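Novice: Dumping the structure here so I can ask a few things about it.
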Amino acid sequence: MQKTTKKNEHRVGARDRKIAETILSQISASPSAFHVIHGMEEKLQRAGFVRLAETDAWKLLPLGKKGTGRYYVTRNSSSLIAFVIPKRDFAGCRIAASHSDSPSFKLKEAPEKEDAGYIRLNVEGYGGMLCAPWFDRPLAIAGRLLVRKGRGAGSGIEQHLVQTDRDLLMLPSLAIHMNREANDGYKYNAQKDMLPVFGDAADTGRLMPILAEAAGVRAKDILGSDLFLAVREAPVFWGAGEQFMSSPRLDDQECAWCSLEGFLAAENAEQMMVHCVFDNEEVGSRTKQGAASTFLPDVLKRIGDSLGRSAEQYHRSIANSFMISADNAHAVHPAYPDKADPVHHPRMNGGIVLKYSASQKYTTDGVSAAFVRDLCEKNGIPVQTFVNRSDEAGGSTLGNIANAQVSMNTADIGLAQLAMHSPYESAGVEDVRHLIRFLQAFYCSGPFLTADV
Ligand code: CO
């Protein structure tokens, strides 16, 4: 990340800049969903959280003696749920959910493919990415390897995170001279256009050894993998006041890392605080570790079982719970204000964005909006509104999907950003602080309804 320039070039305060730098450096160090969860585990462990495995028996205790009350569990190493059990019995939960994955390209099995004397890597799209900005920028590979450990009886399989920490791949554009219409719009063919160049014929067979070396394992022991292309560019601050920032994977790692900050800074004696990060939002969430899975209800039920709470207590606590689904929102684009709703124009650095959709692709309704607005007002956090133009379908997120498994009052929020699903996205520096403060206030919040609605 570039260092600070002259003082008079700044509009953003030093503290805001510092907070944004922290979040961006975590995003930079997390080129895949597996790396996001690994980084969060490290942070949680430093904060005294105890790791649970879904395969073990859970013996949970509320906050009290050292080493009790704070726990986390992962699924598939790409989704995570962390929670804090209050000292006294809890009335409900304060849950913030975001996603660990970002649109990219996934390597197919045996990915090396020879074309005209080059080796390219055979990949397929993961999620709804903008294709054009993937061209002409250095790319790396990141993900996980499943590696054989030992031989014969007692042998097993272990997982290693991997990232090639160098400029390994490139997707070179076709020259304008060979496609004079290139600037009139281009339809990318996923199988023809999107395979990055890895080397020439002499490099045949080198991919797995390079990945094995990066992971510190033997190539012949690799039995399986989940590998993605990753953008190499470091985040930057830009604009006359350096009030904007750009980085890979802002959607949705910006919300995921801010959620963790808010969670770790909060305390709540009456509500169980729950930090959830789900994988596979970009491909519909319908995986064993996605928001549509049983991960969240499984964990909530097991917490209750382990604490000896009754089914009645479980259902009462869910009815008393509130979820924030945190996923970035579209800022109005200066060249395309006509693409936004005619009234609601969220801006970068304008504060958190409350997202609405009549079809309930976003869960926000009158009740949950009232709760969010009240919280923002009490804590001096700016809040703005996003709703799609009535003739645009728009995107979706994970709040309504998670609600199909555990149903509770939920609001969809995010931060305003540009270039969503580009490999290099832009957002507002000051918004990072707004979101962390909002989530901290949310985690600290108490009962919000005076009657059932
Ligand atoms: Co997203």
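Novice: Can you put Arg11, Arg151 in order of Cβ neighbours within 10 angstrom, beginning with the fewest?
Specialist: Placing the least packed residue first, the sequence is Arg151, Arg11.
Novice: In addition: Report, ordered by chain and residue number, the lysines lying within cross-link reach of Lys361, taken as a straight Cα distance under 19 Å and ignoring same-chain residues fewer than 8 apart.
Specialist: Hits, sequence-local ones excluded: Lys339.
Novice: Can you tell me which of 138-148, 301-311 comes out highest on packing, and rank the rest after it, using the mean Cβ neighbours within 10 Å?
Specialist: Averaged packing, sorted descending, gives the order 138-148, 301-311.
Novice: Using the Cα centre of the stretch 94-200 as origin and beta-carbon charges of +1 (Lys, Arg) and -1 (Asp, Glu), tell me which of Gly156, Met178, Ser98 is placed farthest towards the positive end of the dipole.
Specialist: The listed residue farthest towards the positive side: Gly156.
Novice: Pairs Lys65/Lys301; Lys106/Lys288; Lys113/Lys220; Lys192/Lys288; Lys65/Lys288: which exceed 28 Å Cα-Cα?
Specialist: In this structure, Lys192/Lys288; Lys65/Lys288 lie more than 28 Å apart at Cα.
Novice: Assigning unit charges at the beta carbon (Lys, Arg +1; Asp, Glu -1) and nothing else, what dipole magnitude in debye, to the nearest 20, does the stretch 363-443 show about its Cα centre? Write down the numbers at each step before the final one.
Specialist: Numbers: 5 positive and 9 negative charges, 47 e Å.
Using only the charged Cβ atoms, the result is roughly 220 debye.
Novice: Please compute the Cα-Cα pair-distance distribution of the stretch 344-453 with 10 Å bins starting at 0, giving whole percents from short to long.
Specialist: Result returned by the calculation: 13, 43, 36, 8, 0.
Novice: Sticking with this one: How much length is gained on full extension from Ser390 to Ala47, taking 0.36 nm per residue of separation minus their Cα-Cα distance? Write down the numbers at each step before the final one.
Specialist: Numbers: separation 343, 0.36 × 343 = 123.48 nm, distance 4.52 nm.
Taking 0.36 nm per residue and subtracting the Cα distance, the gain is 119.0 nm.
Novice: Given a cut-off of under 8 Å on Cα pairs at least six residues apart, what relative contact order in percent is computed for the stretch 104-231?
Specialist: After rounding, I find 38 percent.
Novice: Hey, another quick one. Helix-only mean residue ellipticity at 222 nm, the chain, DSSP H runs n ≥ 4 weighted -39,500 (n - 2.57), per residue, nearest 500. What is it?
Specialist: -7500 deg cm²/dmol
Novice: Most exposed first by the Cβ proxy, i.e. fewest other Cβ within 10 Å, how do Thr397, Thr287, Thr74, Thr68 rank?
Specialist: Ascending Cβ contact count within 10 Å gives the list Thr68, Thr287, Thr74, Thr397.
Novice: How many nm separate the modelled label positions at Ala369 and Ser306, each set 7 Å beyond the Cα in the direction of the Cβ?
Specialist: About 3.9 nm, to one decimal.
Novice: May I pose another question? Per q in 0.10, 0.15, 0.21, 0.22 Å⁻¹, report the Debye log10 I(q)/I(0) for the stretch 104-231, using one uniform scatterer on each alpha carbon and no solvent.
Specialist: So the normalised log intensities are -0.36, -0.74, -1.25, -1.34.
Novice: With +1 on each Lys and Arg Cβ and -1 on each Asp and Glu Cβ, how big is the dipole of the stretch 267-401 about its Cα centre, in debye rounded to the nearest 20?
Specialist: 120
Novice: Need the C-alpha centroid separation for the stretch 339-415 versus the stretch 228-253, integer Å.
Specialist: 23
Novice: If you wrap a convex hull around the alpha carbons of the stretch 204-285, what volume per residue comes out, as a whole number of Å³?
Specialist: 216
Novice: Related question: Placing +1 on the Cβ of each Lys and Arg and -1 on the Cβ of each Asp and Glu in the chain, which of Gln417, Gln440, Ala329 has its Cα farthest towards the positive end of the resulting dipole?
Specialist: Gln440
Novice: Which value, in Å³ per residue, describes the convex hull spanned by the Cα atoms of the stretch 248-289?
Specialist: In the stretch 248-289, the Cα convex hull volume per residue is 80 Å³.
Novice: Mean Kyte-Doolittle of at least -0.5 and a Cα length of 18 Å or more along the axis: which whole DSSP H helices of the chain meet both?
Specialist: Working: long enough: 14-28 (20 Å, -0.32); 33-46 (20 Å, -0.48); 250-265 (22 Å, 0.20); 366-379 (20 Å, 0.07); 429-444 (24 Å, 0.40).
Length and hydropathy pass: 14-28, 33-46, 250-265, 366-379, 429-444.
Novice: Still on this structure: Please list the equivalent ellipsoid semi-axes of the chain, computed as the square roots of five times the alpha-carbon gyration tensor eigenvalues, in descending order and whole angstrom.
Specialist: Over the Cα atoms of the chain, the semi-axes work out to 36, 30, 20 Å.
Novice: Could I ask something else about it? Return a whole-number percent for the relative contact order of the chain, with Cα pairs under 8 Å and 6 or more residues apart as the contact set.
Specialist: RCO, the chain: 22 percent.
Taken together, the values in this text are just the output of simple stated rules run on the coordinates, not laboratory data. Just so you know, these numbers come straight off a predicted model, no measurement behind them. Counting neighbours? That spans all protein chains shown, and the Cβs are built from the backbone with ideal geometry, glycine included.
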